[in-house]
1. For segment 162-205, give me each residue that is of a type outside the set (A, V, I, L, M), within 16 Å of ligand 1 (Cβ to nearest atom) and at negative phi.
2. Against the conditions (1) touching a helix residue (DSSP H, G or I) at 6+ places or on another chain (Cβ under 7 Å); (2) in contact (Cβ under 8 Å) with a residue 40 or more places away in the chain, where does residue 197 fall short? Just the number, please.
3. Only one of (1) closer than 18 Å to residue 195 by Cα; (2) within 15 Å of ligand 2 (Cβ to nearest atom); (3) not hydroxyl-bearing (Ser, Thr, Tyr) fails for residue 31. Which number is that?
4. Is one or more of the residues making up segment 57-79 part of a loop (DSSP other than H, G, I, E, B) and crowded, with 19+ Cβ neighbours inside 10 Å?
5. Does residue 11 count as charged (D, E, K, R), within 15 Å of ligand 1 (Cβ to nearest atom), in contact with a helix residue (DSSP H, G or I) (Cβ under 7 Å, 6 or more places away or on another chain) and farther than 14 Å from residue 159 by Cα?
6. Filter segment 161-199 down to residues that are acidic (Asp, Glu) and closer than 25 Å to residue 53 by Cβ and give me whichever is surrounded by the most Cβ atoms within 10 Å (Cβ to Cβ).
7. Going through segment 123-180 one residue at a time, which ones are among the hydrophobic types (A, V, I, L, M, F, W, C) and over 30 Å from residue 28 (Cβ atoms)?
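The values are calculated or read from the model by the stated rules, or taken from the named source; none is laboratory data. What you see is a predicted model, and the numbers here were worked out from it, not measured in a lab. Please note: Cβ atoms are built from the backbone with ideal geometry, for glycine as well, and neighbour counts cover all protein chains shown.
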Amino acid sequence: MSTIKVENLSKSYGDVQALRDVSFEIPDGEFVVILGESGAGKSTLLRCLNGLTQPTSGSISIDAEEITGPRDDVAMIFQQHYIIEQMSAYGNALTGSLNRTSFGRSLLQWNDREDKLAALEALDTVGLLDEAGQQASQMSGGQQQRVGIARALVQLPNLLLADEPVASLDPASAESVMGYIRDAADERNLTTLASLHQVNLAREFGERFLGMKDGRLVFDGYREDLTIDV
Ligand code: ADP
Ligand code: ADP
């Protein structure tokens, strides 16, 4: 669990203002869906939270500590899952432990007993324990994305970020994968921010909603505040 505070965040790419003075706070363990059309600034916001992108101005803190770069306790799920097709579901999940360096680990220690258990637990969380040995290339798009979720969980994050995690899936798989993300977040008490462009999925799985347009935060509220045009 992590408390997030974003203050007056702006990001420009040359003449393009991708984020304009965005501020919000997220308490521990909340499941937040970011809504907005393509180009609204969702990816830029998530990349700033992940420490992959430096904001032009403003600040982000996690548990009152300002972010200056990527952190071990922040995991990200991507639209393109970047899993290794030649490896098994289990092998892919295990690679999530490589992102945990804070415990003084080295590459030689990456598959110790603790990591193996974490990989199996994560595969169980996403309903793929029986498919652990299956090569990723043999799996469906939805299953591959669930492997990507498992890998993020093996990192043992406090904050889970997901950038359009279901955008490339058919509606049924998209709903199933969002369900696994929500369940994983609830089970592990993870503060979560997921961007989506499907309002129906946002309504089904979101607890709190941030609406973005042209780099600005134009909506911030809970389910009961959601209007039809968000
Ligand atoms: P979204 O995720 O909502 O589609 P993005 O954060 O990807 O929005 O993009 C917001 C704006 O910033 C868009 O106009 C996009 O073209 C621009 N943008 C994003 N990344 C870059 C980049 N690396 N270089 C230049 N412009 C970018
Ligand atoms: P999304 O809408 O899912 O964020 P985009 O197609 O906007 O995806 O962006 C995909 C990648 O291209 C991102 O890494 C983003 O930073 C980069 N990008 C987006 N717009 C631009 C741009 N105008 N110039 C350079 N890179 C960009």
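1. Within segment 162-205, 163, 165, 168, 195, 197, 198 qualify.
2. Evaluating residue 197 over (1) touching a helix residue (DSSP H, G or I) at 6+ places or on another chain (Cβ under 7 Å); (2) in contact (Cβ under 8 Å) with a residue 40 or more places away in the chain leaves (1) as the failure.
3. (2)
4. yes
5. Criteria met by residue 11.
6. We begin by selecting, within segment 161-199, every residue acidic (Asp, Glu); these are 163-164, 170, 175, 183, 186-187.
Remaining after also requiring closer than 25 Å to residue 53 by Cβ: 163-164.
Working: 163: 22, 164: 20.
The qualifying residue surrounded by the most Cβ atoms within 10 Å (Cβ to Cβ) is 163.
7. 132, 136, 139, 172
The rows are residues; the columns are (1) of a type in the set (S, T, N, Q); (2) at pLDDT 95 or above; (3) in contact with a strand residue (DSSP E or B) (Cβ under 6 Å, 6 or more places away or on another chain); (4) farther than 20 Å from residue 128 by Cβ.
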residue	(1), (2), (3), (4)
166	no, yes, no, no
179	no, yes, no, no
191	yes, yes, yes, yes
197	no, no, no, yes
205	no, yes, no, no
208	no, yes, yes, yes
